[in-house]
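Have a look at the structure below before the remarks.
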Amino acid sequence: MNLSPHAQAGAWSRVVLIGALILLLSMGVRATAGIFMPPMLVTHGWSREFFSNTFAIQNLAWGAGAVLMGMAGLIYAAGLAGTLWVDSQLGLVIFFGLMVGIGQGGTTSALVMPVIGRATSPLARSAALGVANAGGSLGQFLVVPAGHLLIELFDWHAALLIMSMAVALIAPLAFVMHGRGAPPESGPGAPAAGQGSPATAQGAAAHPGDTGHSLWVAVRDAFRRKPFALLAGSYFVCGFQLAFITLHLPAYVVDNGLAAKHGAMAIATIGLFNVIGSFAVGWLGGRHSKKMLLGWVYALRAVFVGLLLVLPISAASLYLFAAGMGLLWLSTVPLTMGLVGQIFGLRYAATLGGFVFLSHQIGSATGVWIAGRSYAASGSYDLMWFASIALALGAAALAWMIDERPGAGATPAGRGDQSLAGPGPKSESSFARAALSPAARPASKAYSSSIRSA
């Protein structure tokens with residue numbers, strides 16, 4: 001049964017809002033790791049290097065959880081709650097490292113974004129991903145100061161318990177979100193292009209990147225294609241930078257003579273400004289080349305890290321860095337996940353996005369592990385900051401090399417029976433052209449611009 005355009009808009013709007021709320025809770029609580037580290041180290045007498053290694057394990061588990069997901073919200077909450085009672089390093093690795101990481105894998109962007117992508121039409125997809133991504137940033141802005149306040153009012157035990165209770169709310173939200181608003185897939189029984197509403201026709205259209213084969217064949221095909229390797233490589237750098245800054249920026253602030261509250265507020269400022277950045281990138285991604293935008297995000301990250309090193313350390317320079325980095329913080333997510341769907345299609349976008357995200361988490365684990373080792377050896381983070389600049393410039397180059405055409409890089413065998421070579425750089429994609437009948441095409445220029453991001 002075809003839904004009216006108004007009903008379809010309401011359905012995908014619910015998916016976007018629920019997805020944004022899930023990311024708010026999940027990413028917000030994750031961003032508090034840096035403010036919990038100092039009091040936990042004092043309580044247990046552990047080293048900063050050990051905590052960094054545990055956080056590295058958490059990031060690897062997060063990446064694995066993005067591919068193989070279960071009751072993620074409850075696992076996340078149980079891991080946080082279990083951390084309260086650990087008194088050994090092994091216990092911290094199991095609860096805070098593995099369980100929290102697996103829980104994050106099923107409650108963050110790698111799983112939420114593909115659900116939203118399938119639930120929205122190509123015309124609205126880039127903006128919808130930007131809105132949902134802003135939810136994660138808003139969570140960082142709201143939850144980190146709240147966590148710092150709870151630690152000051154009570155102690156870290158009570159604060160972590162409250163965080164675990166908040167994360168447990170993700171489970172019912174995910175149940176409500178599941179399956180809502182998804183447009184019909186192509187196949188037997190699907191309406192033909194031009195029948196029903198435009199959104200329905202778009203959902204039914206075939207994508208050059210969808211091979212029509214099994215999940216395993218699609219994954220194997222993607223691993224052999226250059227665009228997939230370039231996306232994974234650039235996303236590795238994103239994880240390297242973000243995990244290092246999330247965990248170690250509060251400690252770096254204190255090491256340089258500023259009060260601990262400035263570290264918490266710097267992480268919150270990053271979240272606030274990334275709300276702006278996420279909306280902006282979502283809007284721009286629907287109108288301009290995603291790979292070019294992605295490359296500039298990485299290049300500008302190098303600029304702001306360089307400013308942090310050049311300027312004298314003060315509250316003003318710290319917040320300047322936080323604001324600039326915040327505009328770019330999670331702006332890679334809608335662009336990277338949008339490119340996965342754009343190049344490889346939406347049929348297996350969640351799994352393929354999960355593998356790309358696993359590369360992000362390997363980068364995260366590498367970043368915090370090297371940060372812990374280098375700090376233990378030298379007592380400073382200089383190596384990490386310079387590595388962040390070099391890697392950001394390298395990631396920009398990788399992003400600009402991506403062929404972002406639908407189906408790009410596929411061999412004839414990888415495409416099954418399809419012989420499409422993909423549209424030219426100035427043409428509309430064939431799947432988008434098939435999705436709308438002439439009567440359904442908007443008269444404005446918005447159609448042709450949005451096709452480039454679909």
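The values are calculated or read from the model by the stated rules, or taken from the named source; none is laboratory data. Just so it is clear, the structure is predicted and the values come from calculations on it, not from any experiment. Here the Cβ positions follow ideal geometry from the backbone for every residue, glycine too, while neighbour counts run over all protein chains shown.
Annotations for the structure displayed:
- Test for VAL368: is it closer than 21 Å to LEU60 by Cβ and either in contact with a Leu (Cβ under 6 Å, 6 or more places away or on another chain) or not in a helix (DSSP H, G or I) (or both): yes
- Some residue of region 361-374 being touching a Phe, Trp or Tyr at 6+ places or on another chain (Cβ under 8 Å) and within 20 Å of LYS226 (Cβ to Cβ): yes
- Output for region 357-383, where each listed residue is hydrophobic (A, V, I, L, M, F, W, C), at pLDDT 90 or above and within 21 Å of the chain's Cα centre (by Cα): ILE362, ALA365, VAL368, TRP369
- Residue within region 81-90 that is crowded, with 24+ Cβ neighbours inside 10 Å and either under 21 Å from ALA166 (Cβ atoms) or modelled with pLDDT of 90 or more (or both) present: yes
- Of the residues screened, ALA266 is one that is closer than 25 Å to ARG373 by Cβ and over 16 Å from the mean Cα position of the chain (by Cα).
- Residue match in region 384-397 (condition: assigned to a helix (DSSP H, G or I), within 15 Å of the chain's Cα centre (by Cα) and surrounded by 24 or more Cβ atoms within 10 Å (Cβ to Cβ)): no
- Scanning region 278-288 for residues that are assigned to a loop (DSSP other than H, G, I, E, B) and either surrounded by 18 or more Cβ atoms within 10 Å (Cβ to Cβ) or of a type in the set (Asp, Glu) (or both) gives a single hit, GLY286.
- Pair list, Cβ under 8 Å, 6 or more apart: region 146-161 residue free of Cβ contacts under 8 Å to residues at least 12 places away in the same chain and over 19 Å from GLY82 (Cβ atoms), other residue assigned to a helix (DSSP H, G or I) and of a type in the set (A, V, I, L, M): none
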